[in-house]
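> What follows is a structure written as structure tokens; I'll ask about it next.
The values are calculated or read from the model by the stated rules, or taken from the named source; none is laboratory data. Bear in mind that the values here come from a model prediction, so they are computed numbers and not experimental data. Glycine also receives a Cβ, built like all others from the backbone with ideal geometry; neighbour counts cover every protein chain displayed. We work out accessible area using only protein heavy atoms, side chains counted, and drop any ligands, DNA or RNA first. Shrake-Rupley method; radii C 1.70, N 1.55, O 1.52, S 1.80 Å.
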Amino acid sequence: MPYLHGIRIQENPTSVPTPVANEAGVPVVFGTAPINLAADPANASNKLFLCNTYAEAVEALGYSEDYDSYTLCQAMDAFFKAFGVGPVVFCNVLDPAKAAHKEALTTTSLTVANGQAKINEVGVIASSLVLKNGSTALVKDTDYTLEYDEEGKVIITVITSGVTTITVDSGGKLKPSGVTASDVVGAINSSTGVYTGIQLVDKVYPQFSLTPSLLLAPGWSHIPAVGLALAEKCDGISGLFKAECVVDIDCTSSGATKYTDVAQKKLDSGFAQEHMICLWPQVKYAGKKMAFSAIYAAMACYTDASNDNVPSVSPSNRAIRISAAVLADGTEVLLDQPQANELNGVGVVTALNLNGWKAWGNNTAAYPDTTDPKDRWIACRRFFSWWGNSFITTYMEKVDNPANYRLIESIVDSENVRANSLVSTGKCAGLRMVYSKDDNPIGNVIDGKIVFRQYLAPYTPAEDILNILEFDPSMIEAALGGE
């Protein structure tokens, strides 16, 4: 180490701030990641990773700014950089053990300069490399070491002297283009019991003791098979819980390229479920195209965290921290309010520039076919799911206790106390629980069944505010009439 005398500085890379903790449920994101850059690439496919920070996500799954190839990176940026909110559960479905998800390297020969050589390809799977010096096989960590640079390319540092040329005898790299919608949807293997893809949402609670709140697959959910698979999993997660899914409407050349095309594309895709939030088009964040679902879900979680972790506030008219709304080919979309409202009228949320970009829309995908406020309004639907999930997790410990008055009273009183706190802070208009003998005939009680009724009234959004202006001549007369 050199002898130091004087004054100097050192610059470190900008760190991502510690995220705000969202306790209203955990978002679960499905897609692809550059797992060759992960800490343990061999165990990064079709596994759930609970990440509280950007650093944890990068360590578990790797990171690349190629959003099209590695769709989970969109959500990493949206949650941890744009909104600074966590935790998030990620699931990568890119699996190099599948032949379709891997391809051979094209590089065959490397020149060593200053003790190093570089494989000028991305996605290289380090463990697959077989390197030689002439006909002599080189041994990792004896003859050379490997590391990835900032672009995700492999740097080979030669330890053994005299090596000037390296032959790449064999090696593979990730092929994200080989991943299909079926891989994202996943399956449950009846023989092995192994879950893959979106089916793994059922394992979130058993693994982490957290209830899913929003399900999304940015870069994939515009494909009807994926969007509908997300919606199908929203009701009865782990046999217990409810959640909402955030899906994108296709805005590629074969999809909706004009706002007037959106209603038909939504209909053709079959997107009409009450647990579904539909978005159009894509957006641009930090100069890169991103699925709207990634930034919207992050904003919704941030809104919840800012509201005492209660999802009672509508995500509509909230800043989404983007620079533009775009189609899949990058063409900018600039809607006026009547056009955006037309999309809202068919159950689609869009992006509107109101002195800054905002999410615009309060209706779930079930609207206009469904007008029940519980299932129509996004804020109300999310409140019902959240409250039901919290009831299950709170009172699960009381299952199998004696079905006596003390049990009934403790649940009713506890719920009403909890409800009163939300009402007093303006989180909802009213909320109460009752136990009725009419709902609980003695035969049912003897059979081990107890029924409660709970009445919820989350506030609906003030979607249409009207101020009627009228000219009043009497005011002129009063001002100028004198005595």
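> Go through segment 15-48 and count every residue that is modelled with pLDDT under 95 and among the aromatic types (Phe, Trp, Tyr).
Result for segment 15-48: 0.
> Any residue at all in segment 198-221 that is on the phi > 0 side of the Ramachandran plot and in a helix (DSSP H, G or I)? Steps first, please.
Of segment 198-221, the ones on the phi > 0 side of the Ramachandran plot are 209, 219.
This time we only want the ones that are in a helix (DSSP H, G or I), so: none.
Checking segment 198-221: not a single residue is on the phi > 0 side of the Ramachandran plot and in a helix (DSSP H, G or I).
> Might you check whether a residue that is of a type in the set (Lys, Arg), open to solvent by 20 Å² or more (accessible area, probe 1.4 Å) and touching a strand residue (DSSP E or B) at 6+ places or on another chain (Cβ under 8 Å) occurs anywhere in segment 390-402?
Within segment 390-402, the first condition is being of a type in the set (Lys, Arg), and the residues that meet it are 398.
Still in the list and also open to solvent by 20 Å² or more (accessible area, probe 1.4 Å): 398.
Keeping just the survivors that are touching a strand residue (DSSP E or B) at 6+ places or on another chain (Cβ under 8 Å) gives none.
Within segment 390-402, not a single residue is of a type in the set (Lys, Arg), open to solvent by 20 Å² or more (accessible area, probe 1.4 Å) and touching a strand residue (DSSP E or B) at 6+ places or on another chain (Cβ under 8 Å).
> Examine segment 359-376 for a residue that is in a loop (DSSP other than H, G, I, E, B), out of contact with any helix residue (DSSP H, G or I) (no Cβ under 8 Å at 6 or more places or on another chain), open to solvent by 30 Å² or more (accessible area, probe 1.4 Å) and among the charged types (D, E, K, R), and state whether such a residue exists.
In the first step, residues of segment 359-376 are kept if they are in a loop (DSSP other than H, G, I, E, B); the result is 361-362, 364-372.
After this cut, where a residue has to be out of contact with any helix residue (DSSP H, G or I) (no Cβ under 8 Å at 6 or more places or on another chain) as well, the list is 368-369, 371-372.
If we keep only those that are open to solvent by 30 Å² or more (accessible area, probe 1.4 Å) as well, we get 368-369, 371-372.
Next cut, among the charged types (D, E, K, R) only: 369, 372.
Yes; the residues of segment 359-376 include at least one that is in a loop (DSSP other than H, G, I, E, B), out of contact with any helix residue (DSSP H, G or I) (no Cβ under 8 Å at 6 or more places or on another chain), open to solvent by 30 Å² or more (accessible area, probe 1.4 Å) and among the charged types (D, E, K, R).
> Something else now. Could you list, in sequence order, the residues of segment 240-262 that are small (Gly, Ala, Ser) and buried (at least 19 other Cβ atoms within 10 Å of the Cβ)?
To start, the set of residues in segment 240-262 that are small (Gly, Ala, Ser) comprises 243, 253-256.
Correct list: ALA243, GLY255, ALA256.
> Could you please give the count of residues in segment 169-216 that are open to solvent by less than 10 Å² (accessible area, probe 1.4 Å) and either farther than 26 Å from VAL124 by Cβ or of a type in the set (Lys, Arg) (or both)?
Residues flagged as open to solvent by less than 10 Å² (accessible area, probe 1.4 Å) and either farther than 26 Å from VAL124 by Cβ or of a type in the set (Lys, Arg) (or both) within segment 169-216 amount to 7.
> Could you tell me whether VAL139 is without any contact (Cβ under 8 Å) to a residue 12 or more places away in the chain, of a type in the set (Val, Ile, Thr) and more than 30 Å from THR180 (Cα to Cα)? Full working, then the answer.
Working: without any contact (Cβ under 8 Å) to a residue 12 or more places away in the chain: yes; of a type in the set (Val, Ile, Thr): yes; more than 30 Å from THR180 (Cα to Cα): yes.
Yes; evaluated as a whole, the condition is true for this residue.
> Name the single residue that is nearest to THR211 (Cα to Cα) among those in segment 256-291 being assigned to a helix (DSSP H, G or I) and of a type in the set (Lys, Arg). I'd like the intermediate steps shown before the answer.
Narrowing segment 256-291 to residues assigned to a helix (DSSP H, G or I): 259-269.
The next check asks that each one be of a type in the set (Lys, Arg); those that pass are 265-266.
Details: LYS265: 31, LYS266: 28 Å.
For segment 256-291, the residue satisfying everything is LYS266.
> Separate question: Could you run through segment 292-322 and say how many residues are part of a loop (DSSP other than H, G, I, E, B), within 15 Å of ALA351 (Cα to Cα) and open to solvent by 10 Å² or more (accessible area, probe 1.4 Å)? Please lay out each step first, then the result.
Residues of segment 292-322 part of a loop (DSSP other than H, G, I, E, B): 307-318, 320-322.
Among the residues that remain, those that are also within 15 Å of ALA351 (Cα to Cα) are: 314-318, 320-322.
Okay, now just the ones that are also open to solvent by 10 Å² or more (accessible area, probe 1.4 Å), so 314, 316-318, 321-322.
Here the count works out to 6.
> Let me ask something else. Within segment 403-420, track down each residue that is in a helix (DSSP H, G or I) and exposed (fewer than 13 other Cβ atoms within 10 Å of the Cβ). Steps first, please.
Just the residues of segment 403-420 that are in a helix (DSSP H, G or I), to begin with: 405-420.
If the condition is that a residue be in a helix (DSSP H, G or I) and exposed (fewer than 13 other Cβ atoms within 10 Å of the Cβ), then TYR405, ARG406, GLU409, ASP413, VAL417 are the ones that fit.
> Kindly indicate whether ASN341 is surrounded by fewer than 22 Cβ atoms within 10 Å (Cβ to Cβ) and either more than 22 Å from the chain's Cα centre (by Cα) or within 21 Å of VAL26 (Cα to Cα) (or both). Give the steps one after another, and end with the answer.
On the way: surrounded by fewer than 22 Cβ atoms within 10 Å (Cβ to Cβ): yes; either more than 22 Å from the chain's Cα centre (by Cα) or within 21 Å of VAL26 (Cα to Cα) (or both): yes.
Criteria met by ASN341.
> Regarding segment 447-454, can at least one residue be identified that is assigned to a strand (DSSP E or B), at pLDDT 90 or above and open to solvent by 80 Å² or more (accessible area, probe 1.4 Å)? Spell out the reasoning first.
Initial filter on segment 447-454 (assigned to a strand (DSSP E or B)): 453-454.
If we keep only those that are at pLDDT 90 or above too, we end up with 453-454.
So of that shortlist, the ones also open to solvent by 80 Å² or more (accessible area, probe 1.4 Å) come out as 453.
Taking every residue of segment 447-454 in turn, at least one turns out to be assigned to a strand (DSSP E or B), at pLDDT 90 or above and open to solvent by 80 Å² or more (accessible area, probe 1.4 Å).
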